[in-house]
1. Using a simple charge model, +1 on the beta-carbon of Lys and Arg, -1 on the beta-carbon of Asp and Glu, nothing else, what dipole does the chain show about its Cα centre, in debye to the nearest 20?
2. For 51, 35, what's the fewest-to-most ordering of other Cβ within 10 Å of each Cβ?
3. Can you pull out the trypsin sites (Lys or Arg not before Pro) in the stretch 211-261 that DSSP calls coil and that have at most 12 other Cβ atoms within 10 Å?
4. Using each residue's phi in the stretch 95-108, evaluate 6.51 cos²θ - 1.76 cosθ + 1.60 at θ = phi - 60° and report the 3J(HN,Hα) Karplus result to the nearest Hz, with x for Gly and Pro.
5. Can you give the extra length, in nm with one decimal, that the chain gains between residue 295 and residue 19 once fully stretched, where that is 0.36 nm per residue apart less the Cα-Cα distance?
6. In nm, to one decimal, how far is the modelled label at residue 262 from the one at residue 30, with both set 7 Å along Cα→Cβ?
7. Listing 127, 187 from the residue with the fewest other Cβ atoms within 10 Å to the one with the most, what is the order?
8. Can you compute the charge dipole magnitude of the stretch 5-180 about its Cα centre, using +1 on each Lys and Arg Cβ and -1 on each Asp and Glu Cβ, nothing else charged? Give it in debye, rounded to the nearest 20.
Amino acid sequence: MKQRIVECVPNFSEGREEATLLAIEKAVESVSGVTLLGREADADHNRSVFTIAGEAEAVCEAAVRAVGVAVERIDLRQHQGEHPRIGAADVVPFVPVRGISLSECAELAVRAGEQIWQRFGVPVYFYEAAARVAGRERLENIRRGQFEGLIEELKVSSERAPDLGNGQLHPSAGACVVGARKFLIAYNVNLKTERLEVAKAIARKIRASSGGMPHVKAMGMMLHSRGQAQVSINLTDFEVTPLHEVFDAVVREAASFGVEVAGSELIGFIPRAAVEAGFAAALRFERFRKDSVLENSLEAKLES
């Protein structure tokens, strides 16, 4: 049987306490058939992103165990950070890599969500390809108001009740948003300014929801440790909107405020095709093909 390979990129509301991150890492690595590709932690965001991959069922179990550690160790009532969140284990997306479809990843997400509720008593929202309620395809709709605001809203309305659970949030761990999606590029552009309003204005200009670039989600944040404003970006389809075009747009919009870009940073991993497209654009290649890359050409011939 062909192996079903899945990537999972769980986001946790902790970016400062190394002991907690190591405990989550240990939980992931306790499952055979799973590889921890890496983790990124940001103290200003107070958030970490783990990237794990492997056989589908093993990845599902590893993700659930990691959520359990987050529920045990992270208390949102004490949590402060720049990044929006409603859960200790805030978002758990499953991404098809090889031998598995997006719809099958959505089924995997549902199984993971059921385990999260049954084992830890943490309610679950399903998003993207696993969404059950209209409007919940978009993560920002679910996370509106964050942990504190959602608690108050659920006291007076059931419209935003979790898909799994008792209609309320876990008192310390909030809720977990679980879903399935295509590859997403998480990408930040840091500005040479402390003016948060500039980053927010740029984010409004480029994001799809404000009439900007297709498949771009963006928000302005402040990196207090660096004294820099940041445009934090999620690119949900790099084939439609290439990453280098997003970066160029930020540079252009920043210049309109008299602000320079300090640099950019990748959170997690990036598909090879996205790197190739940016490389070809930067050098203005006139005839660039996928098999112009040596490794691509070799792999194609070895697999044929």
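1. Magnitude of the dipole: close to 460 debye.
2. In order of increasing Cβ crowding within 10 Å: 35, 51.
3. Filter output for the stretch 211-261: 226.
4. Values, residue by residue: 10, x, 10, 7, x, 8, 8, 5, 5, 5, 5, 5, 5, 5 Hz.
5. Result: 95.5 nm gained on full extension.
6. 3.9 nm
7. Starting with the residue having the fewest Cβ neighbours, the order is 187, 127.
8. For the stretch 5-180, the charge dipole is close to 300 debye.
Any read-out appearing in this document is the output of simple, stated calculations on the displayed coordinates, not a laboratory observation. All values reported here derive from a predicted model rather than from experimental measurement. When we count neighbours, we look across all protein chains shown, and the Cβ atoms used for this are built from the backbone with ideal geometry, even at glycine.
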